[in-house]
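Q: Let me begin by handing over the structure; questions about it come next.
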């Protein structure tokens, strides 16, 4: 990813840089580039930009317009090269001709998307490596002017359909990543992106000026697919999250809300919140008195970010470099997966000097431009699978697909098998505590005891040797559910107590409960507990799990009012339930 | 802009693009005289010339550029 600003994306500079690259420096990555445009101008700048990320890119350039030939021929150069990454770049220029010559314009976009998906499948059948597929840039010509937006069967319409279709299909292929060149073109302006002269002379995808943007996007996606990416944003407070200085201006005096600059900070906070929702940890590192700083999060009516969104809150008068080191240690992540945002150039430079690995982008003076500056750097490219919190939209979409697929299967078991569900059990760890605490606060229905542990209480559980607190993260071939269950087991003599058992209702009826119970009893057996004791404490909302323990052969004990019902199981009598869930390692094979 | 000025600035562009600080060019210099002057670098060269002289060349003009003299003539006719 880019380190500080866009100036790094200068075509001529990158060509020069590519010439001076030392061979063999950095982690070797073999990349196959398939394209229906020429790639000679792209390759050097790709190598230069990969080198900036510590990667020594070895690039196989397939012949001009040989995407299908390379993919479908088992003896092609593509497969002989044994790439670790395949990039497919396609231009609308070729599609334009095909579209106008097509006899079946209504079916055009679909058959194009079919063709591209079959290329992915051919590659996937021989290589298990990430594939980066470009979108098509929607062309600018309009035979109907604005009216064309409501006319069926236009070229721009067909191209948007292909793009949408490709993105949907890519959701079903975990190893296919979309490089949304249409977004880049829209951002830069299509009239700046297309270069008709360069197409005529050299079959170039776009103007030389914008080629580095395309290359950088490919690098960003490649790095994310290698597991490199930002996991944590460390935030300054005064003049970064709100206007003014809380210690001087007070709760009523800081700029935050709808008026003037306040809106800029609100926009910035909304963006940060969207990062949090997709699993990025937010941390605060501010020169402030802690209680004063926290009060803004607790009491200011216009704050978008609240304490629950902050994984670690450091406000004191020590230097920021030391505080950032402390945050890193506590969250147990690498400096290279952290970014530090501060309006103050002095603090930025100090941190750059003392913690060179952490990313410290320049922020513009005008807070209204913070989000723009950060988006231009594309700091938060993601490979999707590691998100802590769910990407809700995608979830709802995939839930629909699951439903529609469900109808094709005669019985539940074969349906469950087809989902290829993977569940990962993990003892609480620092990186997940935020999400765990959040789930504990939120879960009402599938929650046996409704004990609302705070994040710091979870941390205590995490470090308690006589407790086994674990979470379950689930994904299937349609998508990622993230962390969706929390279970806390407590040692008590020869009895293992199920202190907490809660789950997100999104994953009911697919065997996760059975999987969890199998694990609980296995754990009890392995650690020589004679029995497992569970408890159901009724609330206004959790009646759905009243008989939960009963279905696993637990025996109902006495009912004790608010303390609920106790259920007891002799470990030796438990019969493991049949589940269709895999552990992560089984899939990896 | 004088002929000398154009020549001086064009030389700087060539040196930059072909990464050779001692490169000298004359009107009769062609792609055969400079090792790295291939079709790929030709495009890079055009882009650099356009940026340097703030001019824009058409596809046909680019096609017809045979030697440095052609570059000089075109730049002199277009640059202000």
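The values are calculated or read from the model by the stated rules, or taken from the named source; none is laboratory data. Bear in mind the structure is a predicted one, so any value in this text is a computation, not a measurement. Cβ coordinates were reconstructed from backbone atoms using ideal geometry, including for glycine residues, and neighbour counts include every protein chain displayed.
Q: Scan (1) at pLDDT 95 or above; (2) in a loop (DSSP other than H, G, I, E, B); (3) within 25 Å of residue B:48 (Cα to Cα) for the single condition residue A:204 breaks and write down its number.
A: Evaluating residue A:204 over (1) at pLDDT 95 or above; (2) in a loop (DSSP other than H, G, I, E, B); (3) within 25 Å of residue B:48 (Cα to Cα) leaves (1) as the failure.
Q: Return the total of residues in segment A:257-269 being surrounded by 21 or more Cβ atoms within 10 Å (Cβ to Cβ) and either more than 29 Å from residue A:431 (Cβ to Cβ) or not assigned by TED's automatic domain parsing to the domain that holds residue A:295 (or both).
A: The total comes to 0.
Q: Report whether or not residue B:62 is at the interface with chain A (Cβ under 10 Å from one of its Cβ atoms) and either at pLDDT 90 or above or touching a helix residue (DSSP H, G or I) at 6+ places or on another chain (Cβ under 6 Å) (or both).
A: Considered against the rule, which asks whether it is at the interface with chain A (Cβ under 10 Å from one of its Cβ atoms) and either at pLDDT 90 or above or touching a helix residue (DSSP H, G or I) at 6+ places or on another chain (Cβ under 6 Å) (or both), residue B:62 comes out as yes.
Q: Let me ask something additional. Would you check if there is a residue in segment A:307-327 being in contact with a strand residue (DSSP E or B) (Cβ under 7 Å, 6 or more places away or on another chain), at pLDDT 90 or above and on the phi > 0 side of the Ramachandran plot?
A: no
Q: Would you confirm whether or not segment A:27-37 contains a residue that is within 14 Å of chain B (Cβ to nearest Cβ) and either within 22 Å of residue A:210 (Cα to Cα) or not in a strand (DSSP E or B) (or both)? Explain how you work it out, then say what you get.
A: Going through segment A:27-37, the residues within 14 Å of chain B (Cβ to nearest Cβ) turn out to be A:37.
Still in the list and also either within 22 Å of residue A:210 (Cα to Cα) or not in a strand (DSSP E or B) (or both): A:37.
Checking segment A:27-37: at least one residue is within 14 Å of chain B (Cβ to nearest Cβ) and either within 22 Å of residue A:210 (Cα to Cα) or not in a strand (DSSP E or B) (or both).
Q: Give the residues of segment A:67-80 that are part of a helix (DSSP H, G or I) and surrounded by fewer than 18 Cβ atoms within 10 Å (Cβ to Cβ), sorted by residue number.
A: Restricting attention to segment A:67-80, the residues satisfying the condition of being part of a helix (DSSP H, G or I) are A:67-72, A:77-80.
Hits for segment A:67-80 are A:68, A:69, A:72, A:77, A:79, A:80.
Q: Still on this structure, please answer the following. Condition first: assigned to a loop (DSSP other than H, G, I, E, B) and either away from chain B (no Cβ under 14 Å) or closer than 27 Å to residue A:27 by Cα (or both). Can you find one or more residues in segment A:219-226 that meet it? Walk me through how you get there before you give the answer.
A: Filtering segment A:219-226 for residues assigned to a loop (DSSP other than H, G, I, E, B) gives A:226.
With the extra rule that they be either away from chain B (no Cβ under 14 Å) or closer than 27 Å to residue A:27 by Cα (or both), the set shrinks to A:226.
Yes: one or more hits.
Q: Can you find even one residue in segment A:343-356 that is within 24 Å of the chain's Cα centre (by Cα) and either at pLDDT 85 or above or surrounded by fewer than 16 Cβ atoms within 10 Å (Cβ to Cβ) (or both)?
A: Looking through segment A:343-356, none of the residues is within 24 Å of the chain's Cα centre (by Cα) and either at pLDDT 85 or above or surrounded by fewer than 16 Cβ atoms within 10 Å (Cβ to Cβ) (or both).
Q: Is it the case that some residue within segment A:77-95 is over 22 Å from residue A:61 (Cβ atoms) and over 23 Å from the mean Cα position of the chain (by Cα)?
A: Step one: filter segment A:77-95 for residues over 22 Å from residue A:61 (Cβ atoms), giving none.
No, the conditions are met nowhere in segment A:77-95.
Q: Considering segment B:11-58 alone, what residues qualify as being buried (at least 20 other Cβ atoms within 10 Å of the Cβ), closer than 15 Å to residue B:78 by Cβ and away from chain A (no Cβ under 13 Å)?
A: Across segment B:11-58, the qualifying residue is only B:53.
Q: Looking at segment A:522-532, is at least one residue in the same structural domain as residue A:467 (by TED's automatic domain parsing) and in contact (Cβ under 8 Å) with a residue 60 or more places away in the chain?
A: If we filter segment A:522-532 for residues that are in the same structural domain as residue A:467 (by TED's automatic domain parsing), which is where we start, we get A:522-532.
Adding the requirement that they be in contact (Cβ under 8 Å) with a residue 60 or more places away in the chain leaves none.
Scanning segment A:522-532 turns up no residue that is in the same structural domain as residue A:467 (by TED's automatic domain parsing) and in contact (Cβ under 8 Å) with a residue 60 or more places away in the chain.
Q: Keeping to segment A:21-30, report how many residues are at pLDDT 90 or above and in contact with a helix residue (DSSP H, G or I) (Cβ under 9 Å, 6 or more places away or on another chain).
A: Going through segment A:21-30 one residue at a time, the tally reaches 3.
Q: May I pose another question? Mind counting the residues in segment A:328-342 that are modelled with pLDDT of 90 or more, under 19 Å from the mean Cα position of the chain (by Cα) and more than 20 Å from residue A:220 (Cα to Cα)?
A: Residues flagged as modelled with pLDDT of 90 or more, under 19 Å from the mean Cα position of the chain (by Cα) and more than 20 Å from residue A:220 (Cα to Cα) within segment A:328-342 amount to 0.
Q: Which one of these does residue A:178 not meet: (1) over 30 Å from residue A:26 (Cα atoms); (2) away from chain B (no Cβ under 14 Å); (3) surrounded by fewer than 22 Cβ atoms within 10 Å (Cβ to Cβ); (4) touching a helix residue (DSSP H, G or I) at 6+ places or on another chain (Cβ under 7 Å)?
A: With respect to (1) over 30 Å from residue A:26 (Cα atoms); (2) away from chain B (no Cβ under 14 Å); (3) surrounded by fewer than 22 Cβ atoms within 10 Å (Cβ to Cβ); (4) touching a helix residue (DSSP H, G or I) at 6+ places or on another chain (Cβ under 7 Å), residue A:178 is out only on (1).
Q: Let me confirm something: among A:477, A:427, which residue is within 26 Å of the chain's Cα centre (by Cα), at pLDDT below 90, surrounded by fewer than 22 Cβ atoms within 10 Å (Cβ to Cβ) and within 21 Å of residue A:511 (Cα to Cα)? Give the derivation first.
A: Values: A:427 fails: at pLDDT below 90.
Among A:477, A:427, only A:477 is within 26 Å of the chain's Cα centre (by Cα), at pLDDT below 90, surrounded by fewer than 22 Cβ atoms within 10 Å (Cβ to Cβ) and within 21 Å of residue A:511 (Cα to Cα).
Q: So, one more: Among what's in segment A:38-60 and is in contact with a strand residue (DSSP E or B) (Cβ under 8 Å, 6 or more places away or on another chain) and part of a loop (DSSP other than H, G, I, E, B), pick the residue that is surrounded by the fewest Cβ atoms within 10 Å (Cβ to Cβ). Break it down into steps so the answer makes sense when it comes.
A: We begin by selecting, within segment A:38-60, every residue in contact with a strand residue (DSSP E or B) (Cβ under 8 Å, 6 or more places away or on another chain); these are A:39-40, A:42-43, A:46-47, A:50-51, A:54-60.
Adding the requirement that they be part of a loop (DSSP other than H, G, I, E, B) leaves A:39-40, A:54.
On the way: A:39: 20, A:40: 17, A:54: 12.
Out of the qualifying residues, it is A:54.
Q: For segment A:270-283, check the following and say yes or no: at least one residue is without any contact (Cβ under 8 Å) to a residue 60 or more places away in the chain and more than 29 Å from the chain's Cα centre (by Cα). Walk me through it before giving the result.
A: Taking segment A:270-283 first, the residues without any contact (Cβ under 8 Å) to a residue 60 or more places away in the chain are A:270, A:272-274, A:282-283.
Subset that is more than 29 Å from the chain's Cα centre (by Cα): none.
Checked against the condition, which is being without any contact (Cβ under 8 Å) to a residue 60 or more places away in the chain and more than 29 Å from the chain's Cα centre (by Cα), segment A:270-283 yields no hits at all.
Q: A follow-up question, please. Could you tell me whether any residue of segment A:234-252 is away from every other protein chain (no Cβ under 14 Å) and closer than 30 Å to residue A:473 by Cα? Step through it out loud before you land on a result.
A: Restricting attention to segment A:234-252, the residues satisfying the condition of being away from every other protein chain (no Cβ under 14 Å) are A:234-252.
Among the residues that remain, those that are also closer than 30 Å to residue A:473 by Cα are: A:234-235.
Within segment A:234-252 (the criterion being away from every other protein chain (no Cβ under 14 Å) and closer than 30 Å to residue A:473 by Cα), the answer is yes, since at least one residue qualifies.
Q: When residues of segment A:181-201 are filtered for being outside any helix (DSSP H, G or I) and either within 16 Å of residue A:159 (Cβ to Cβ) or within 12 Å of another protein chain (Cβ to nearest Cβ) (or both), how many remain? Before the answer, list the steps.
A: As a first pass, look at segment A:181-201 and keep what is outside any helix (DSSP H, G or I): A:189, A:194-195.
After this cut, where a residue has to be either within 16 Å of residue A:159 (Cβ to Cβ) or within 12 Å of another protein chain (Cβ to nearest Cβ) (or both) as well, the list is A:194-195.
Total meeting the criteria: 2.
Q: Output the residue which, of all residues in segment A:82-104 that are part of a helix (DSSP H, G or I) and touching a helix residue (DSSP H, G or I) at 6+ places or on another chain (Cβ under 9 Å), is farthest from residue A:225 (Cα to Cα). Let's see the steps before the verdict.
A: Step one: filter segment A:82-104 for residues part of a helix (DSSP H, G or I), giving A:92-101.
Those still in the list that are touching a helix residue (DSSP H, G or I) at 6+ places or on another chain (Cβ under 9 Å) too: A:92-93, A:95-96, A:98-100.
Values: A:92: 26, A:93: 29, A:95: 29, A:96: 32, A:98: 33, A:99: 33, A:100: 37 Å.
Checked segment A:82-104; the qualifying residue farthest from residue A:225 (Cα to Cα) is A:100.
Q: Same structure, new question: Kindly indicate whether any position in segment A:484-495 is exposed (fewer than 15 other Cβ atoms within 10 Å of the Cβ), part of a helix (DSSP H, G or I) and in the same structural domain as residue A:563 (by TED's automatic domain parsing).
A: Scanning segment A:484-495 turns up no residue that is exposed (fewer than 15 other Cβ atoms within 10 Å of the Cβ), part of a helix (DSSP H, G or I) and in the same structural domain as residue A:563 (by TED's automatic domain parsing).
Yes/no per residue for (1) part of a loop (DSSP other than H, G, I, E, B); (2) at pLDDT below 90:
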residue: A:233; (1), (2): no, no
residue: A:240; (1), (2): yes, no
residue: A:257; (1), (2): yes, yes
residue: A:260; (1), (2): yes, yes
residue: A:263; (1), (2): no, no
residue: A:266; (1), (2): no, no
residue: A:270; (1), (2): no, no
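Q: I've got another one for you. Criterion first (within 18 Å of residue A:524 (Cβ to Cβ), touching a strand residue (DSSP E or B) at 6+ places or on another chain (Cβ under 6 Å) and either in the same structural domain as residue A:525 (by TED's automatic domain parsing) or surrounded by 14 or more Cβ atoms within 10 Å (Cβ to Cβ) (or both)) does residue A:566 satisfy it?
A: Details: within 18 Å of residue A:524 (Cβ to Cβ): yes; touching a strand residue (DSSP E or B) at 6+ places or on another chain (Cβ under 6 Å): yes; either in the same structural domain as residue A:525 (by TED's automatic domain parsing) or surrounded by 14 or more Cβ atoms within 10 Å (Cβ to Cβ) (or both): yes.
Yes; evaluated as a whole, the condition is true for this residue.
Q: Restricting the first residue to segment A:1-19 and requiring it to be within 10 Å of chain B (Cβ to nearest Cβ), which pairs with a second residue that is surrounded by fewer than 19 Cβ atoms within 10 Å (Cβ to Cβ) and modelled with pLDDT of 75 or more meet a Cβ separation below 6 Å and a spacing of at least six or different chains?
A: A:19/B:19
Q: Determine which member of the set A:293, A:321 is over 16 Å from residue A:238 (Cα atoms), under 30 Å from the mean Cα position of the chain (by Cα) and outside any loop (DSSP other than H, G, I, E, B). Full working, then the answer.
A: Working: A:293 fails: over 16 Å from residue A:238 (Cα atoms).
After applying the criteria, what remains is A:321.
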